[in-house]
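What follows is calculated from the coordinates using simple rules that are stated; it is not laboratory data. What you see is a predicted model, and the numbers here were worked out from it, not measured in a lab. We place every Cβ from the backbone using ideal geometry, glycine too, and count neighbours over all the protein chains shown.
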Amino acid sequence: MSEQHLDDDRLSLVAALDARDPERALADEHCAQCPACNKRLTAAQRELDALDAIAAPLLTPAEIERARIAVASAIDFDASPAPNAASQAAHRAIEAALVAAAIAAPFVVGTAFAAPPSASQLASSIAALCWGVVASLGVARKRERRSAATLSIVGSAALIAVSDASPQGNSIFFLCAVFELVAAVIPTAIAATLIARRRSALDLASVAAASALAASLTLRVSCPDRHLSHVLVTHVGGVALAALFGAVVQRFVANDEGTPRHT
């Protein structure tokens, strides 16, 4: 190549070669003796450098990563690394403990301030409360069993009410049902928040029903009216209304946030 001028058809290719390439070394050797070819090769090299500058990324890798996360967040996609199995299990355990505590709170607080129940009442109340918690949390990821779980919680309230019914009293006073509904608000709100953050698959109908059941268990001692019509309409009815309230809230949460991500 040192005996003849550089080929115009290969000039750009030679300019793109690494300096250690044998063909580029021969070209550089020739250009050292030929000013014309040296000028042409230098011009070709500048053109390649200009193309490389145009093709260079306009954003740094850090800026690209920030943009990716921002776009992923905008389309409601979790851009963070997927949690491992241990992390998922820990989140589920914390979630279950939080919701269970919220469900049981009306019974614990109500029992603390009401007249002490009999041993049999306390035992049956604790058993019913445990069933309510287990039923509401156990169907979180089993959608086909949610209705059955909610009905079983309402049924538990009915069994407790019938077992406590007596001929005393004959009024249907709805304050007991209101108390149960109020008791269901906070646990339902906590569970709805977990769903809205896409970290839960809880069933709000069963959570609300279990919370109202917990409140109704305190009424076994504090409510003076034990007539069957009263306990069925207000005590059991309050649990059923709470379940309906939870189902309605779940529909709103689903419409606003989409289907919760199961973890």
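Brief remarks follow.
- Pairwise Cα inverse-distance average, inverted: Kirkwood Rh of the stretch 8-55 (Å): 10.9 Å
- Highest to lowest packing among 96-107, 234-245, 219-230, 21-32, scored as the average C-beta count within 10 Å: 234-245, 96-107, 219-230, 21-32
- Farthest towards the positive end of the charge dipole of the stretch 85-257, among the residues CYS176, ILE94, ALA243, is the Cα of ILE94, using unit charges on the Cβ of Lys, Arg, Asp and Glu.
- Cβ-Cβ FRET estimate between SER166 and ILE186, R0 fixed at 35 Å, reported to 0.05: 0.65
- Using the Stokes-Einstein relation with a Kirkwood hydrodynamic radius computed over Cα pairs, the translational diffusion coefficient of the stretch 154-241 at 37 °C and a viscosity of 0.692 mPa s comes to 249 µm²/s.
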